[in-house]
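The values are calculated or read from the model by the stated rules, or taken from the named source; none is laboratory data. Predicted model, so just to flag it, every value in this text is computed and none were measured. Counting neighbours? That spans all protein chains shown, and the Cβs are built from the backbone with ideal geometry, glycine included.
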Amino acid sequence: MTNMWTGMKKLIPMDSMRLILACILCLLLAHQGSLMAQEEDAPFYTLDPVVVTASRIPEYLSKIGQSVTIISREKIETLPVDSVSDLLETVSGVDVRQRGAHGVQADVAIRGSSFEQTLILVDGVSMNDPQTGHHNMDLPVNLEDIERIEVLKGPGARIYGQNAMAGVINIITREVEHGAAGGYAKYGDYHYYDCGAHGALKIGDISNRVSVSRRSSTGYIKDKDTDFDINTLTYKGVINTGNHEFQLGLGYVDKDFGAYRFYSDTYPNERERTKTLLAYSNWHLKMADLEVMPRVFWRRHKDDFKIEIRGDWNRNEHRTDAYGVELGSRLKSQLGTTALGGEIAFEDVVSSNLGDHDRNRTGVFIEHKFCPVEWLTLGLGISAMHYSDWGWEYWPGAELNVELTDGVNWFASSGRSFRIPTYTELYYDTPANQGNPDLKPEDAWTYETGVRWRKKGLGANCSLFLHNAKDVIDWTRASDYDPQNPPPWKAQNIAESTTKGFELGLDFYPEALFGNTLISAANISYTYLDSDWDTGGLESKYVLDHLRHQILGSIELDWFDSLTQAVIARYEKRMVGDSHFVLDTRLAYEWQNYELFLEVTNLFDEEYVESGFAPMPGRWIIGGVKFSLSL
């Protein structure tokens, strides 16, 4: 027994051991006071949710001609996560390359794409940063604000235009059903703390919701800049009269963090601070068979980046603004549903390194969906955009969905997509990285086919996909360089590429079939990718570092009344040969309006890197409490 205790102390630090024991004691004491509680009914699992991201025309998942994954509010509350980046690591086919921990910074790619080729949305508003895609995940949204996340895997250019080459991730915020208030507090290793509060008020047709959070840590690598301090404030107001709805959204996030080896292995000492402000308003007007949806938006991002080069600290300050107006409409007729609209948008950057630049775009789109027979859904669409720097571009696409039998659907799609270079790729200039003002936009065609099967408590999916791209932008350098004097990374268009693969998934919800069971949910998925690239013998910084194998699994356990546990595991192997296995878990006890929980991430203390050169944290243990009250 003494040897076992000694071994545990070596494996788990004493501060973490005390935290684990305290949380377990609280859980057991709470359990004793609730043994007489009545059993709740088995949860209801939505078999066919409505998806709003895969089309300008909302549609049931079973009738969509592309692969879509939905992360529900219920799922978010059970997982050991505290950022959107952590959540997306549970989605098959999504490659999240985090630098640091707890949402400090991450690049998100889908099915072998680069992170610049994935469009990130909040309530349909683009969060992609014109300076660099490294800032796309600077999201002014707290986890408590999210109703669900919809992930479209495949091109979304005919719907959203630029930068939706490989897929779209739409973060949809919560609606207010009644007055409520709540909060939470977490504490864990590396002096980590995370606390937040939210409140909602609904009076008649008017509702308001506000939330605030702060999370901080002194860092997980001794004497290296891996600390962080993140503050987030979010507001959403809605006026809903039935046929007319108006939304006003405001968000702000301030991140101050050590960026040790984030972008360079030659010059590892780096620091960064980013500030993101988002403001938007959406209208939804219903008039018989016609719906009109105007929107205005503004996103401002500030980036203060410092890097130590040969003993001197170089500082780059950037400010980007993206703003514009959109107008969408939908019309139902005997021929189906038609969506038509357009946008005018502007982007500009003021930078100490990139210089001052601006550009604008004007575009239109049209999409039509119809069902010639009950078991067949067809969708056609095209988007055209005029860019001030590149002229006109267009993106056609088509999809179909066939109901083979009850609950079994075959789908297929094809589409063209396009991405314009960021300001960093065009103009950045340091001894470590050099932009290229002569870059051409990226261009691609993508094809997919697959089968979905959904029954109560069971689900499965299989899809095959092919992605042909040309003029792909990457940071490269000669592979035969002197390690003591490496050349800078240079942005350039590399040759054509072909990425192909397949995805398999299986979902099982025993409680939906058998009532209360130990296992309430289990999921497993596998994604395989293979790419054919010609970089002319150059070393690639990002594009060739995508996943080849990805296996994701999760299980949710109901140990006894109100005591639940979620375990998520992922195995990832990259094209360059690096691989890792990470397992996270969350144990939670609910009692009346309170929840006590214990989270452990990277349980087996795996050493790995997800992006570039930044080492990821080892085992991290966190305990906390949350509460919610209805008003």
Exercise for the section: Could you list all residues from region 175-213 that are touching a Lys or Arg at 6+ places or on another chain (Cβ under 9 Å) and of a type in the set (V, I, T)? Expected result: V176, V210
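Please give the strands (runs of 3 or more DSSP E) falling wholly within region 414-506 in which 1 or more residues are within 25 Å of I70 (Cα to Cα) and of a type in the set (V, I, T). Step through it out loud before you land on a result.
On the way: elements: 442-455, 458-470, 473-478, 489-493.
By residue number, 442-455.
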Practice task
Answer yes or no: is there a residue in region 224-233 that is in a strand (DSSP E or B), farther than 21 Å from P617 by Cβ, in contact (Cβ under 8 Å) with a residue 24 or more places away in the chain and of a type in the set (A, V, I, L, M, F, W, C).
Solution key: yes
Problem - Members of region 77-90 found to be closer than 23 Å to Y528 by Cβ and either aromatic (F, W, Y) or over 9 Å from the mean Cα position of the chain (by Cα) (or both), listed by number - result: T90
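Filtering region 394-413 down to residues that are in a strand (DSSP E or B) and among the acidic types (D, E), which residue is surrounded by the most Cβ atoms within 10 Å (Cβ to Cβ)?
Initial filter on region 394-413 (in a strand (DSSP E or B)): 394-405, 408-413.
With the extra rule that they be among the acidic types (D, E), the set shrinks to 399, 403.
On the way: E399: 24, E403: 16.
Residue satisfying both the conditions and the ranking: E399.
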Problem - Tally, over region 63-88, of residues that are buried (at least 24 other Cβ atoms within 10 Å of the Cβ) and of a type in the set (D, E) - result: 1
Exercise for the section: Would you mind telling me which numbered condition in (1) free of Cβ contacts under 8 Å to residues at least 60 places away in the same chain; (2) within 30 Å of L152 (Cβ to Cβ) S213 fails? Expected result: (1)
Problem - Selection count, region 552-577, where residues are crowded, with 17+ Cβ neighbours inside 10 Å and at pLDDT 90 or above - result: 18
Fill in the blank from the handout: If we keep only residues of region 311-346 that are in contact (Cβ under 8 Å) with a residue 60 or more places away in the chain and charged (D, E, K, R), then the residue farthest from G133 (Cα to Cα) is R330
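Residues of region 578-613 being part of a loop (DSSP other than H, G, I, E, B) and surrounded by fewer than 19 Cβ atoms within 10 Å (Cβ to Cβ), which ones? Please lay out each step first, then the result.
Initial filter on region 578-613 (part of a loop (DSSP other than H, G, I, E, B)): 578, 592-593, 602-608, 610-613.
The answer is D578, Q592, N593, L603, F604, D605, E606, E607, Y608, G612, F613.
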Fill in the blank from the handout: Counting only residues that are within 16 Å of L552 (Cβ to Cβ) and either without any contact (Cβ under 8 Å) to a residue 60 or more places away in the chain or out of contact with any Ser or Thr (no Cβ under 6 Å at 6 or more places or on another chain) (or both), region 81-91 contains a total of 7
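So is E539 in a strand (DSSP E or B), touching a His at 6+ places or on another chain (Cβ under 9 Å) and of a type in the set (D, E, K, R) or not? Before the answer, list the steps.
Details: in a strand (DSSP E or B): yes; touching a His at 6+ places or on another chain (Cβ under 9 Å): no; of a type in the set (D, E, K, R): yes.
Answer is no for this residue.
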